[in-house]
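Okay, structure first, notes after.
Derivation of every value follows stated rules applied to the coordinates shown; laboratory data play no part. Remember, it's a predicted structure, so these values are computed and weren't measured experimentally. With ideal geometry, Cβ positions are generated from the backbone for all residues, glycine too; neighbour counts draw on all protein chains shown.
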Amino acid sequence: MASSVFDVDGGHRQIRFTPEMLQMLFAQRESRDDREAYLLVRDGCRWGDMHRLQPGTSIPVGRVATDGITVRDDRCSRVHCEFYLQGAEWFLRDLGSRNGTRLNGETIQVATPVKSGDIIRIGKTKLMFTRDLANVVDAAEPDDDSTNDESK
């Protein structure tokens with residue numbers, strides 16, 4: 001798949017965007033809905049797939065998340081967690097998953113508000129929540145192992 005690579009931080013980091021990601025970025029700039037949000041999925045050492053979270057529906061995340069976001073991770077439950085918009089704020093809720101859902105390194109027990117730049121961890125998979133695709137380059141940090149400990 002063709003993609004565009006952008007150097008950031010004086011060439012110390014690179015962010016790779018697929019044509020679909022760039023198309024979403026430009027579409028967002030043209031018709032900005034303040035309720036829109038996006039999830040980026042970490043694919044190995046780079047941020048890969050991007051999913052638009054639609055206001056008005058809950059978006060399930062899991063290995064077999066019908067009408068939601070599919071995560072290919074053995075530690076992910078069939079329907080692991082969900083995102084939903086309440087008022088002007090997006091929330092993340094674990095759906096009784098076996099291995100839990102971590103938000104910025106902390107396991108969540110109840111529905112929890114999420115903000116741009118938050119990192120969600122499901123098994124070994126990382127997702128980044130953002131409300132503005134223009135800020136993705138600033139928020140997409142290199143991989144770190146600070147949330148790698150799944151034994152908590």
* Positive-end residue of Gly117, Trp90, Gly100, charge dipole of the range 88-137 with Cβ unit charges -> Gly100
* To do: Please turn the phi angles of the range 101-110 into ³J(HN,Hα) values with the Karplus equation 6.51 cos²θ - 1.76 cosθ + 1.60 (θ = phi - 60°), one per residue in order, whole Hz, x for glycine and proline.
  => 10, 10, 10, 6, x, 10, 5, 9, 10, 10
* **Packing rank of 85-91, 70-76, where each peptide gets the mean count of other beta carbons within 10 Å, highest leading** => 70-76, 85-91
* Structure fact -> Expected unfolding gain across Arg46-Thr70 under the 0.36 nm per residue rule, minus the alpha-carbon gap, is 6.9 nm
* Sticking with the crude label model, points 7 Å out along Cα→Cβ, report the distance from Arg35 to Ala88 in nm, one decimal please. => 1.3
